[in-house]
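The values are calculated or read from the model by the stated rules, or taken from the named source; none is laboratory data. Treat the numbers as computed from the prediction; the structure is a model and nothing was measured. Glycine also receives a Cβ, built like all others from the backbone with ideal geometry; neighbour counts cover every protein chain displayed.
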C-alpha cells in the first residue's frame, strides 16, 4: 500500500537537528544553577541529618547559642536537646491559591532542670512555623512567590588600608555579627595609634601593655631580634660599631639596682662609659635588619608613659570608660578595683564569646593572613571565634613592617573578592533568628522569676512571639526578601543567582563610589562583568558567573583545569580569589594537542591583574570554558564577542523582560545554554524516575516504573505568575493509543503500523527527539480502540548513575517560554535592514500585519482581582446580586450569588463580584421603621462596594476561587469571605509595544503595515520586520548581523545552530553553510516595494532575526482621564494611571503656552480643567445642557496660598478697581446648588 493511504499519527520530532560550532571540549558540566539557594537552606535546616550528627551551623547554632538559659537566682536551667521539622500542612499550589505561607512546624525538645531538687522535665515545644524552600529555590509567603537575594558584603577579619589622600596606612579588625571594631592608624605626627569603636585615640603600645606585655622590654622583644654585646674587657674602639644601636633591656646597676639605661635608648659614647664604670658585663642590643630604625615603636613607647600592665590597664579604663574610673589617691583597694574593671572591660570588648564573634570566616581570614609569619599560632588548631592577644600583636607587627616598607608586606585591595563574601539565605536567616531567640531569652528569664518552680514547664516559659515576629519580618519586609521576577524562566533563575551589595549591613547607593562598582580582575569567572542594572544600582547588583559556586566560607570560587609540565591533566579544581592569586592561568581557547600539551611556545595567560605571555612549563592552570567569565543571561547572546559591552549589558537585561509568547520559537541561532537554563529554572516538568509513559492528558502525565508502580506528574494549565504572565505546561512525551479496532501489521525501531478493520493504515513514529518508544503489543496482535500500543521511554533524574549528568533526564512537559525543553523567549522572523519612509527613524520598528494575524507575538496575561467581605461595626458586608441602583444589563453575567461566571467577557467598569456594605443609619422616620419591621434587613441602607474591573483592564474570566470562614477556609481576622477572580487577556502585538533582539537592539513599533505594503523578496515573499541599518554601526553590536545571516541559513536548511560565546562560528563557517544553502555570502538581496512593485535603489541586508516582545507594553501605559478624583487640599486632579489621574501642566509647559500667547488655552488649563471648583462645576453643567460657555473663577490653589500667607500672620485682602475689599468665599450659594446636583467627589491624594 502506498504511503499516500497511510494516516500518520503524532508528530515526528526525530529529525530535529542541532549543529554546535564549539571547538573547545568541555571538561566540566555546568554546576546546578540554583544550588546557591537550595544548598544553603538545606545546610541551615539539616533535616536529613540525625540530631546527634548535626553541625553547629544554621538552625542548630541558633538553639545552641541561646541555650542553656539559667534563671537569675540559678534555681532553674532550660537546656536544648534537639529540634524536628514536621511536614508542611499544604502543598505549594494550595498555598499560592489560598494566599498562605508554605511552612513546616518547628518543634524543639527542651529539658527543664530544677537545680535544688534535681528534677528533670522534658517537653516538646512548638516554636512556630518555619517557611520551607520549594524545590526551585523560592519561598511562598502569603501566596506570593519570593526569593531571598544573596548579599555580597565585606568579609570579617583584619584589613590593612592605604589612604592616598592622606598618604597614611590604617588597619581594622572587623568582627562578624557582634563586637567592637579595633582600628590602628598613623596620625599626623607619624605616631601609630589605636581606637576602639571610633572613640578616643591612644598609643598602640598602651593596648599591648594592657594585654600583658607590660614593660618596654617585652614590647621590644615582640618586634625585634636581639644580639648580646660583651662590654667588660673590650676596648672602646671595638664597641664603636654598636654606637647608635638601641638597647633591648633595661640596664641596672648590679649593686644599687638603679636603672642606668632604659630599654629602647640608643647607645652613645656617654652610655658606654656609664656601663663600663658600673662594671656591666654584657648588654642586649636590637639587631638592625637592613639598618631600619623602627621609629614608630619607640615614639609610641615614649608617648604611652606607662611601665607595667597595671598602669596600662588604669590608662585604658580612663580612655574607654572614664565614668567607671575613680581616682585612687593612693588607696590600694580602689586601685585594685580600677584594674579589675579595666581587665573585665578589655575581656568584654574582644575576648568574651557572648559579646565578640569573629565567626569561622573571620578566624579563617586572620589565620590565612598570618599563617606564613607565625605558623605555630595560626595553624589549623587556631579555631577560636573571639580575638586572641596574639592576633592584635601580629596586626601591630604587620602595620609596623608595612609603614617601614619591609619587603613582602602589602596593604589590602578592599574590592578584591578575597575580601568580599556572600551571605546566603541560610546565614541571613540564622542572624535574624538569633536576634529573635535573644528576645525570647529575656522573656524566659522574666517568667522564671515570676513563676513557682513546681509548676514550671518548658512550654510555660517559652514564648514564640519574638521568634515568629522575626521570621515574618525577615521574609515579608527585609530588603533582601524580594517578590520574585517571574516574567520568564531566565528572569526567574537570574533572580536566584543575583548578588546584592545593598541591604542591612551592606552599602548604600549614595555612599558607594566608583571603585566598589567597577569590574575587578578577581571577578573573572566569579561575577559577570556584563550583567548589572543601568540605573543607580550599577555595579552594586551583579550576577554570579555560569560556573561559579560558593565555598563553605561564602567566598566565590571558579573552576580551573590543572596543568602540569605544560600539559592539561584533565583534573579540575575550584579556587577562591585569594587562592588564584598564586597561579598563572591560561585561557580556555589556548591551542592544545591531542595529548593535552600546549602547541604554542608562548601562551597568553593571566596572573593577578596582568596578562603576560608565558611558556607552557610556567602555566599551572587553565580556564574550564570561555563561558565561565559571564552570567547566564549574557551567555545566551550568540556572537557576543562581536558586540560592544554596553549593548551586551542591555541585551542581557532585556532578555529578562521578554514576555512568554503563545507559540514561542527556539532560536535558529542559539548558544547551547538554552537547555541547562530551561532545565534548572524549574518551569519544565522533569522526570524523577525511569519508566515508560502510559497516559498523557491535559492535566497529568503517568509514567509506569519497572516495578509496576506509577508516577503521576501534574501539569499546570494557564496559571498566573507574579508578573501576570501565564504558566502553561504542554506535554513533550507521549504514548500511542489505537484510534480504531485493528491489527498490528509491523513494528520497527522507527515506526509501528496498524491496519484498521475499515482498511485504513495508521503509522505511529517510534523515535522522538529525546529518545524512543517502547511497544506494549506484539506484531500481529489484534487491538481495540483506545488500547495502549507504545509509550515513550523515560530517564529519571534520580536514577542517573552520575548526578552531574542529571540534565540527561527526560523533560516531560514544556513550561512558559520553552520549546522542546529549551529556552524560547521570542520568535524567528524575516528581517530587512533598510530605511522605509522615515518610519524606522531612531530605532523605531516597522512590522508586518501578518505577525498580528498569525498571533506571532501574541501573549496571554492573567490578572488577579480580589474582594474581601469584612465584619464592620455596622454589620457584615454581603456578597450578593442584590445591588442598589444598578441596571439589569450589569447583572447579565453574574450568578445568583453575585459572582461573575467563568468564560464571561469583561471590560473596564464591569462588576466581577457584587457586594454591599451597610451604611451608618440616622434616626429613622416612622415610615422607614414600618418598612424595616416588614422587610427586615432588606430595608437597611447599604452602599455598593462591588469589585469592578479597573480602568484599562479587560479580558475573559478564566477562574474564580472563593473562600468562606464558615466552610473552614483560613482567612485573616475580621474577614468572613473572600473571592479571587482571574481575568485573562490575549494581547496581540501593537503600535507602541517595545521589542528587542538579544544584542541590545531595542525599539518601539511605529507602524504595522499591510502585508502587501511590506518590502518583499524577489520571489514575492513579504518581509516581517524592517529595522534601521543606522542602528548598527554606532552601537557596535555586530553580533546581530552575524546572527541574522546564520539564522537565515538555518531556516533554509532546517537546522538549528549553537554558537557558544567566545567559541562560536567563524566567518568561514558561516560562508560554508551559506554555500550549502545556496545563499549569497553577503546576504544582500534586491527588494521590491510592496506598494509599487518597483525594486528599491539598493539591495538590503536580509535574514532571520530572533526578536523578543518586552514587558513594556502600550496597553499597560495607555491612559486617558475624563472626570476623576481630586486632591482634598489643592483640589487639583491626582496624577498617574493608578489614581485615574491627569497630565500635569508644569512650570515649563506654562512657559511654552505663554511664549505662544495661547491665553485662553492657558486660562482653561489652569482653572476649569484643574482646581477652579465653581468653574469646573459650571463647565460640566454647560456641557450636559449643550451650552459651550466657559466662565473661569478663582483657582483653589489661590485660596490655599492666601491661607498659607495668613498662617504667617500676614493678612491679604483683594480690592476691586475702586479699592473696595472683595470677599472670596469657598462656596457661594450658586456653587452649592450645582454641587448638590452633580456630586463632584473629592479624595485625598495619598
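Take the range 496-539 and flag every residue that is in contact with a strand residue (DSSP E or B) (Cβ under 7 Å, 6 or more places away or on another chain) and under 18 Å from residue 656 (Cβ atoms).
Within the range 496-539, 496, 497, 498, 499, 500, 527, 528, 531, 532, 533 meet the criteria.
Only one of 800, 778 is farther than 30 Å from residue 1099 by Cβ and loosely packed, with under 15 Cβ neighbours inside 10 Å. Can you tell me which?
Just a single option satisfies the conditions, and that option is 778.
Please go through the range 551-564 and give me each residue that is surrounded by 20 or more Cβ atoms within 10 Å (Cβ to Cβ), over 21 Å from residue 592 (Cβ atoms) and in contact (Cβ under 8 Å) with a residue 60 or more places away in the chain, ordered by number.
Matches in the range 551-564: 554, 555, 556.
Here is a check on your reading of the model: is residue 989 assigned to a loop (DSSP other than H, G, I, E, B) and either crowded, with 19+ Cβ neighbours inside 10 Å or in contact with a helix residue (DSSP H, G or I) (Cβ under 9 Å, 6 or more places away or on another chain) (or both)?
For residue 989, the condition - assigned to a loop (DSSP other than H, G, I, E, B) and either crowded, with 19+ Cβ neighbours inside 10 Å or in contact with a helix residue (DSSP H, G or I) (Cβ under 9 Å, 6 or more places away or on another chain) (or both) - is met.
Looking at residue 474 and the list (1) in the same structural domain as residue 597 (by TED's automatic domain parsing); (2) buried (at least 21 other Cβ atoms within 10 Å of the Cβ); (3) under 19 Å from the mean Cα position of the chain (by Cα); (4) not in a loop (DSSP other than H, G, I, E, B), which single condition is not satisfied?
Going through (1) in the same structural domain as residue 597 (by TED's automatic domain parsing); (2) buried (at least 21 other Cβ atoms within 10 Å of the Cβ); (3) under 19 Å from the mean Cα position of the chain (by Cα); (4) not in a loop (DSSP other than H, G, I, E, B) one by one, residue 474 breaks only (1).
Could you check residue 278 against (1) more than 29 Å from residue 401 (Cα to Cα); (2) surrounded by 12 or more Cβ atoms within 10 Å (Cβ to Cβ); (3) at pLDDT 75 or above and say which number it fails?
(3)
Check 702, 706, 618 and return the single one that is in the same structural domain as residue 576 (by TED's automatic domain parsing), surrounded by fewer than 22 Cβ atoms within 10 Å (Cβ to Cβ), farther than 24 Å from residue 1049 by Cβ and out of contact with any helix residue (DSSP H, G or I) (no Cβ under 7 Å at 6 or more places or on another chain).
Of 702, 706, 618, the one residue that is in the same structural domain as residue 576 (by TED's automatic domain parsing), surrounded by fewer than 22 Cβ atoms within 10 Å (Cβ to Cβ), farther than 24 Å from residue 1049 by Cβ and out of contact with any helix residue (DSSP H, G or I) (no Cβ under 7 Å at 6 or more places or on another chain) is 618.
Would you point out which residue out of 1019, 966 is more than 31 Å from the chain's Cα centre (by Cα), exposed (fewer than 15 other Cβ atoms within 10 Å of the Cβ) and assigned by TED's automatic domain parsing to the domain that holds residue 873?
On inspection, the qualifying residue turns out to be 966.
With the requirement that a residue be surrounded by 15 or more Cβ atoms within 10 Å (Cβ to Cβ), touching a residue at least 12 places away in the same chain (Cβ under 8 Å) and out of contact with any strand residue (DSSP E or B) (no Cβ under 8 Å at 6 or more places or on another chain), what does the range 322-351 give you?
Within the range 322-351, 325, 335, 338, 339, 341, 342, 343, 345, 346, 351 meet the criteria.
Tell me, please, whether a residue that is under 37 Å from the mean Cα position of the chain (by Cα) and closer than 30 Å to residue 1177 by Cα can be found in the range 1104-1118.
yes
Determine if the range 119-127 includes at least one residue that is in the same structural domain as residue 41 (by TED's automatic domain parsing) and without any contact (Cβ under 8 Å) to a residue 12 or more places away in the chain.
Checked the range 119-127: at least one residue is in the same structural domain as residue 41 (by TED's automatic domain parsing) and without any contact (Cβ under 8 Å) to a residue 12 or more places away in the chain.
Kindly establish whether residue 469 is under 30 Å from the mean Cα position of the chain (by Cα), free of Cβ contacts under 8 Å to residues at least 12 places away in the same chain, surrounded by fewer than 17 Cβ atoms within 10 Å (Cβ to Cβ) and more than 30 Å from residue 609 (Cα to Cα).
no
Is the range 425-439 home to any residue that is touching a strand residue (DSSP E or B) at 6+ places or on another chain (Cβ under 6 Å), at pLDDT 90 or above and not assigned by TED's automatic domain parsing to the domain that holds residue 351?
Looking for residues that are touching a strand residue (DSSP E or B) at 6+ places or on another chain (Cβ under 6 Å), at pLDDT 90 or above and not assigned by TED's automatic domain parsing to the domain that holds residue 351, one finds at least one in the range 425-439, hence yes.
Just to be sure before I move on: is residue 264 under 21 Å from residue 404 (Cα atoms), touching a helix residue (DSSP H, G or I) at 6+ places or on another chain (Cβ under 6 Å) and assigned to a loop (DSSP other than H, G, I, E, B) in the structure I sent?
yes
Of 323, 272, which residue is touching a helix residue (DSSP H, G or I) at 6+ places or on another chain (Cβ under 8 Å) and either over 29 Å from residue 409 (Cβ atoms) or in the same structural domain as residue 198 (by TED's automatic domain parsing) (or both)?
272
Applying the selection to the range 1051-1082, what residues are touching a helix residue (DSSP H, G or I) at 6+ places or on another chain (Cβ under 7 Å), crowded, with 16+ Cβ neighbours inside 10 Å and not in a loop (DSSP other than H, G, I, E, B)?
Answer for the range 1051-1082, where residues must be touching a helix residue (DSSP H, G or I) at 6+ places or on another chain (Cβ under 7 Å), crowded, with 16+ Cβ neighbours inside 10 Å and not in a loop (DSSP other than H, G, I, E, B): 1053, 1056, 1057, 1070, 1073, 1074.
Could you check the range 743-762 and list, in sequence order, the residues that are buried (at least 17 other Cβ atoms within 10 Å of the Cβ) and within 15 Å of residue 7 (Cα to Cα)?
744, 752, 753, 754, 756, 761, 762
Among (1) under 17 Å from the mean Cα position of the chain (by Cα); (2) surrounded by fewer than 16 Cβ atoms within 10 Å (Cβ to Cβ), where does residue 485 come up short?
(2)
Which members of the range 376-400 meet the condition of being in contact (Cβ under 8 Å) with a residue 40 or more places away in the chain and not in a loop (DSSP other than H, G, I, E, B)?
Across the range 376-400, the qualifying residues are 389, 391, 392, 393, 395, 396, 397, 398, 399, 400.
Go through (1) closer than 18 Å to residue 668 by Cβ; (2) at pLDDT below 95 and name the single condition residue 1045 misses.
Here residue 1045 clears every test but (2).
Only residues that are in contact with a strand residue (DSSP E or B) (Cβ under 8 Å, 6 or more places away or on another chain) and either under 24 Å from residue 40 (Cβ atoms) or buried (at least 17 other Cβ atoms within 10 Å of the Cβ) (or both): list them for the range 81-98, please.
Of everything in the range 81-98, those that are in contact with a strand residue (DSSP E or B) (Cβ under 8 Å, 6 or more places away or on another chain) and either under 24 Å from residue 40 (Cβ atoms) or buried (at least 17 other Cβ atoms within 10 Å of the Cβ) (or both) turn out to be 82, 83, 84, 85, 86, 87, 88, 92, 95, 96, 98.
Any residue in the range 407-418 that is assigned to a helix (DSSP H, G or I), in contact with a strand residue (DSSP E or B) (Cβ under 8 Å, 6 or more places away or on another chain) and surrounded by 15 or more Cβ atoms within 10 Å (Cβ to Cβ)?
Taking every residue of the range 407-418 in turn, none turns out to be assigned to a helix (DSSP H, G or I), in contact with a strand residue (DSSP E or B) (Cβ under 8 Å, 6 or more places away or on another chain) and surrounded by 15 or more Cβ atoms within 10 Å (Cβ to Cβ).
Tell me which helices (runs of 4 or more DSSP H) are completely within the range 1083-1201 and hold 3 or more residues being under 30 Å from residue 1043 (Cβ atoms), or say none if there are none.
Qualifying helices (runs of 4 or more DSSP H): 1114-1117.
For the range 22-80, what are the residues that are buried (at least 20 other Cβ atoms within 10 Å of the Cβ) and on the phi > 0 side of the Ramachandran plot?
Selection gives 58 alone.
Of the conditions (1) within 22 Å of residue 978 (Cα to Cα); (2) surrounded by fewer than 22 Cβ atoms within 10 Å (Cβ to Cβ), residue 889 satisfies every one except a single condition; which number is it?
Going through the list (1) within 22 Å of residue 978 (Cα to Cα); (2) surrounded by fewer than 22 Cβ atoms within 10 Å (Cβ to Cβ), residue 889 breaks only (1).
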